[in-house]
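Engineer: Take this structure first; my questions come after.
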Amino acid sequence: MTPLDEPALERPIQGRVLVVEDDPNIRDLVVLHLGLEGLTTVAVGDGSEALRLAKAEPFDLIVLDVMLPGLDGVTVCRAIRRDSMNGDVPILMLTARRDESDKVLGLESGADDYVTKPFGVREFIARVRALLRRRASRPSGAPGHGHPVVVGTLTVDPARRMARIDTRDVELTANEFELLYLLASNKGIVFSREALMARVWGNETHITERSVDTLVKRVRKKIEVDAAEPRFILTVWGTGYKFADG
């Protein structure tokens, strides 16, 4: 990890964070600085224990290392998204790998953002604050704005933060829901990747255009009969994405 810089003073934030990191030095450092921000932390060093906690206790954020003994971070992330009370909680992944494919794999598994080791404290805390701000601004289960959108067999209800295809409820993360509702409520309107980045993530995280593609891919897997031949979310080559007109 790079030498520490003191984060800029901001108002303390509140919440519970699950820190999953097998390197005790990095784990202690992360816990220290999250504590200085006003956050309560629960720290573990292996994936199995992390998954057990994610299924048993509520958290506001999960900081998850990719390389873990036993269950790796990608497996843990997928399991949390699939089967835990923290299925819609923001997940910030820590990775020592710089390859684009590794970052994409983390995002495809359900992570909301990632930080590549070595990282500075300023960058890390900025990512944490951004994820928690977004969660606070649209908490899971809180009433949303706008009317339900029904397109064929797909229903997207912002008031209940719920999506249903045929008679099956679709489990979506906060970002997945925001993307789906934005597109579905603007049928036929083409959104560039830059516009989707601004509308879904805001301007506070270091999200790339590839992150948009990954999020679209995740949503398609959940709502399409054949994700390779989508009926709902269509690619507009060279521009971005739109929801089918009819």
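Engineer: Search the range 153-176 for residues being without any contact (Cβ under 8 Å) to a residue 60 or more places away in the chain, in contact with a strand residue (DSSP E or B) (Cβ under 7 Å, 6 or more places away or on another chain) and not β-branched (Val, Ile, Thr), and hand back the single one that is farthest from Lys242 (Cα to Cα).
Structural biologist: Taking the candidates together, the pick is Asp169.
Engineer: Return the residues of the range 12-46 that are under 21 Å from the mean Cα position of the chain (by Cα) and small (Gly, Ala, Ser); say none if nothing qualifies.
Structural biologist: Gly15, Ala43
Engineer: Under 9 Å between Cβ atoms, which residue pairs at least 6 apart in sequence (or on different chains) link something in the range 108-132 that is of a type in the set (S, T, N, Q) with a partner that is outside any helix (DSSP H, G or I)?
Structural biologist: Once the first residue is of a type in the set (S, T, N, Q) and sits in the range 108-132, its partners that are outside any helix (DSSP H, G or I) give Ser109/Ile91; Ser109/Met93; Thr116/Leu94; Thr116/Thr95; Thr116/Ala96; Thr116/Arg97; Thr116/Arg98.
Engineer: Pick out the one residue from Val66, Val19, Val44, Val30 that is touching a strand residue (DSSP E or B) at 6+ places or on another chain (Cβ under 6 Å) and at pLDDT below 95. Step through it out loud before you land on a result.
Structural biologist: Working: Val19 fails: at pLDDT below 95; Val44 fails: at pLDDT below 95; Val30 fails: at pLDDT below 95.
Only one candidate qualifies: Val66.
The values are calculated or read from the model by the stated rules, or taken from the named source; none is laboratory data. Keep in mind the model is a prediction, meaning the values are calculated, not measured. We place every Cβ from the backbone using ideal geometry, glycine too, and count neighbours over all the protein chains shown.
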